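Report on one structure; see the data block that follows.
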Amino acid sequence: MLFVCLGNICRSPAAEGIMQHLVDEAGLTNRFIIDSAGIGGWHVGDLPDKRMRRCGKTFGYDFCSRARQIQADDFKHFDYIIVMDSDNYRQASSMASSDSEKAKIRMMADYATHHPAYEYIPDPYYGNEKDFELVIELLEDACQGLLQQLIAKH
């Protein structure tokens, strides 16, 4: 599964790290390929935002992936492309070369079970520490819901 946000330095690398942690804890590491990417290429090669890394560490995660930009080939290599908001959805959808590729795109917040009021994962980039904490809480919820659905389906 590929997690996608705008720049691949806040939400999507956090989702990647949280999901990898959950998959590893469940003993399913060899059954999933987990990655993240950004719509834009501004941060390619960078570590996640230092505020997200610091907040992740507080929650017990190590967000250490390097930013990359989503590519057309990602639609061939991943069964699920999980986006953080409707802008990400529109932009990823415009990259899909077929209806079957477009069908792989899903909204992250749709998997949250404890935060039904959130229709998307908000971008904390221009926010404060509380915004980063909220994103991690939402992503933990949504990653758990996504993993439960994947286990039930497969």
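The values are calculated or read from the model by the stated rules, or taken from the named source; none is laboratory data. The structure displayed is predicted, hence computed values, not measured ones. Ideal geometry is used to build each Cβ from the backbone, glycine not excepted, and the neighbour counts take in all protein chains shown. Calculation scope for accessible area: heavy atoms of the full protein, side chains included, ligands and nucleic acids excluded. Shrake-Rupley method; radii C 1.70, N 1.55, O 1.52, S 1.80 Å.
For a quick check of your reading of the model, give me the residue pairs whose first member lies in the range 131-154 and is at pLDDT below 95, whose second is assigned to a helix (DSSP H, G or I), with beta-carbon atoms closer than 9 Å and at least 6 apart or on different chains.
Close Cβ pairs satisfying both conditions: 154/31.
Looking for something closer than 24 Å to residue 129 by Cα, of a type outside the set (Gly, Ala, Ser) and touching a Lys or Arg at 6+ places or on another chain (Cβ under 6 Å) - is there at least one such residue anywhere in the range 10-22?
The first filter runs over the range 10-22 and keeps only residues closer than 24 Å to residue 129 by Cα, leaving 10-22.
Subsequent filtering for residues that are of a type outside the set (Gly, Ala, Ser) retains 10-11, 13, 16, 18-22.
Right, trim to touching a Lys or Arg at 6+ places or on another chain (Cβ under 6 Å) and you get none.
No, the range 10-22 contains no residue that is closer than 24 Å to residue 129 by Cα, of a type outside the set (Gly, Ala, Ser) and touching a Lys or Arg at 6+ places or on another chain (Cβ under 6 Å).
At least 1 residues that are open to solvent by 10 Å² or more (accessible area, probe 1.4 Å) and closer than 22 Å to residue 151 by Cβ in each: list the strands (runs of 3 or more DSSP E) lying fully within the range 1-111 that qualify.
Here the list reads 35-38, 105-107.
Go through the range 120-130 and give me each residue that's in contact (Cβ under 8 Å) with a residue 24 or more places away in the chain and either open to solvent by 10 Å² or more (accessible area, probe 1.4 Å) or polar (S, T, N, Q) (or both).
120, 122, 123, 125, 129
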